[in-house]
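S.K.: The following block contains the structure, expressed as structure tokens.
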Amino acid sequence: MNEKQQKVLDRVNSLILERIKNGENFLVKKYTKVDLLDGYVNEPRNYVSNKPYTGVNRALLEPGYYVSFKQAKELGGKVKKGAKASMVYGLFTHEYVKYKYISENGETIEKTTTKDGFEKLKLKNPEIEYEIIEERTTTRHAYFYVFNIRDCENLKKLNHTVIKTIPDPKIPTQELDPLAEFIVKLNTEIKPNPIHLQPNSVIECSSYSSETDTVYMKNFFEYEDSSDYYDNLFHELSHATGHESRLNRKSLTTEARYGDDIYSKEELVAQISSNYCMQRLHLLTYKQLEKSNEYVKSWYNHLSEPLKKDPAFLIKIFSSAEKASNYLFSNGGNE
């Protein structure tokens, strides 16, 4: 990894570690008022595309709508003087083709260009015979800056739907949640590769076995409340998404020992994914929010060594967690 790429990852990691040190919970997003749209959002979104920022950007950005400097200008507005920009991370993929051809004077010419450029070249010069020598794909870590639309003025109002009232965290209950049960059924009965669920087992705690591809859960009423039950259940279901028949996640399929980097990575993936699921289902209670706060704080002293070995460690965790939670909410993981 070159120095420029290392600086990008160092910048991302330092921002995440600073937020952990300050006691910020970036896993659970609170609803934020968007004055321009007269409503609330609980995730960061791009104002032009209305698409949510994903992966590690969910941790880097507060809830709200964002635009780049250029996008603000294109919407007829501008960024307010002195406004603070927020960093957005991106992993960009580039495909290259190395090829050769015979020129008009009989000379063999070798060149490298992008895959798109090569296809355009063939269309432009169909009479020339090109021979592909090599095809390769490279990835590049990068970051750029965006501005919250509250720090902009005169922006065109777009037709985005936002909620009008903020749902409070649930009061703990001992009742099954219909929507959560539908998601569980979707993954344990309907999917092409259903996850085996073994309830009412005589076990000390919930767990997932990759050997039998089975989630083991205690009796529902043995958990403190329904929120505690679903938090445990979605944690274990998130583990199961990594099975080789599903997302084939290396942190699950690779042999790991308790406490090592691989084990820690998989546990982080499962818990972040569970947090995403619980928030999406509006199943979080105040107690679960506090539990999430403590969980994030516990990271700080355990990340320095993994990040020394792999500077992209955190980025990979957030990406895997999002893929896991999206899998659980999609039909066959193809959402």
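S.K.: With the structure loaded, tell me whether ILE203 is at pLDDT below 90, exposed (fewer than 11 other Cβ atoms within 10 Å of the Cβ) and aliphatic (A, V, I, L, M) or whether it fails that test.
M.R.: On the way: at pLDDT below 90: yes; exposed (fewer than 11 other Cβ atoms within 10 Å of the Cβ): no; aliphatic (A, V, I, L, M): yes.
Spelling it out, it is not the case that ILE203 is at pLDDT below 90, exposed (fewer than 11 other Cβ atoms within 10 Å of the Cβ) and aliphatic (A, V, I, L, M).
S.K.: Then there's this: Can you find a residue that is closer than 30 Å to ASN50 by Cβ and either at pLDDT 95 or above or surrounded by fewer than 11 Cβ atoms within 10 Å (Cβ to Cβ) (or both) anywhere in the range 117-136? Lay out the reasoning, then the answer.
M.R.: The first filter runs over the range 117-136 and keeps only residues closer than 30 Å to ASN50 by Cβ, leaving none.
No, there is no match, as no residue in the range 117-136 is closer than 30 Å to ASN50 by Cβ and either at pLDDT 95 or above or surrounded by fewer than 11 Cβ atoms within 10 Å (Cβ to Cβ) (or both).
S.K.: Hey, another quick one. Considering only residues of the range 52-95 that are hydroxyl-bearing (Ser, Thr, Tyr) and buried (at least 16 other Cβ atoms within 10 Å of the Cβ), which is farthest from THR137 (Cα to Cα)? Spell out how you get there, then give the answer.
M.R.: In the first step, residues of the range 52-95 are kept if they are hydroxyl-bearing (Ser, Thr, Tyr); the result is 53-54, 65-66, 68, 86, 89, 93.
Restricting the remaining residues to those that are buried (at least 16 other Cβ atoms within 10 Å of the Cβ) gives 53, 65-66, 68, 86, 89.
Working: TYR53: 24, TYR65: 32, TYR66: 30, SER68: 28, SER86: 29, TYR89: 20 Å.
Across the range 52-95, the extreme among qualifying residues is TYR65.
S.K.: Report whether or not LEU283 is open to solvent by 20 Å² or more (accessible area, probe 1.4 Å) and within 30 Å of PRO192 (Cα to Cα). Give the steps one after another, and end with the answer.
M.R.: Numbers: open to solvent by 20 Å² or more (accessible area, probe 1.4 Å): no; within 30 Å of PRO192 (Cα to Cα): yes.
No.
S.K.: Let me spell it out: the conditions are (1) of a type in the set (Ser, Thr, Tyr); (2) open to solvent by less than 70 Å² (accessible area, probe 1.4 Å); (3) at pLDDT 95 or above; (4) under 26 Å from the mean Cα position of the chain (by Cα), and TYR145 meets all of them except one. Which number is the exception?
M.R.: Of (1) of a type in the set (Ser, Thr, Tyr); (2) open to solvent by less than 70 Å² (accessible area, probe 1.4 Å); (3) at pLDDT 95 or above; (4) under 26 Å from the mean Cα position of the chain (by Cα), only one is false for TYR145: (2).
S.K.: How do the pairs read when you match residues in the range 170-197 that are free of Cβ contacts under 8 Å to residues at least 60 places away in the same chain and farther than 20 Å from GLU244 by Cβ with residues anywhere that are surrounded by fewer than 12 Cβ atoms within 10 Å (Cβ to Cβ) and hydrophobic (A, V, I, L, M, F, W, C), using Cβ under 8 Å and keeping only pairs 6 or more apart or on different chains?
M.R.: Hits for this filter: GLN174/PHE221.
S.K.: While we're looking at this one, here's another question. Filter the range 37-48 for residues that are surrounded by fewer than 19 Cβ atoms within 10 Å (Cβ to Cβ), over 18 Å from the mean Cα position of the chain (by Cα) and not in a strand (DSSP E or B) and give the result.
M.R.: Listed by number, the residues that qualify are LEU37, ASP38, VAL48.
S.K.: List every residue pair whose Cβ atoms sit under 8 Å apart, with the two residues 6 or more apart in sequence or on different chains, where the first one lies in the range 261-282 and is on the phi > 0 side of the Ramachandran plot and the second, anywhere, is of a type in the set (Lys, Arg) and surrounded by fewer than 23 Cβ atoms within 10 Å (Cβ to Cβ).
M.R.: So the pair list comes out as HIS282/LYS170.
The values are calculated or read from the model by the stated rules, or taken from the named source; none is laboratory data. These numbers come from a predicted model, not from an experiment. Cβ coordinates were reconstructed from backbone atoms using ideal geometry, including for glycine residues, and neighbour counts include every protein chain displayed. Protein only, heavy atoms only, side chains kept; ligands, DNA and RNA dropped before computing areas. Shrake-Rupley method; radii C 1.70, N 1.55, O 1.52, S 1.80 Å.
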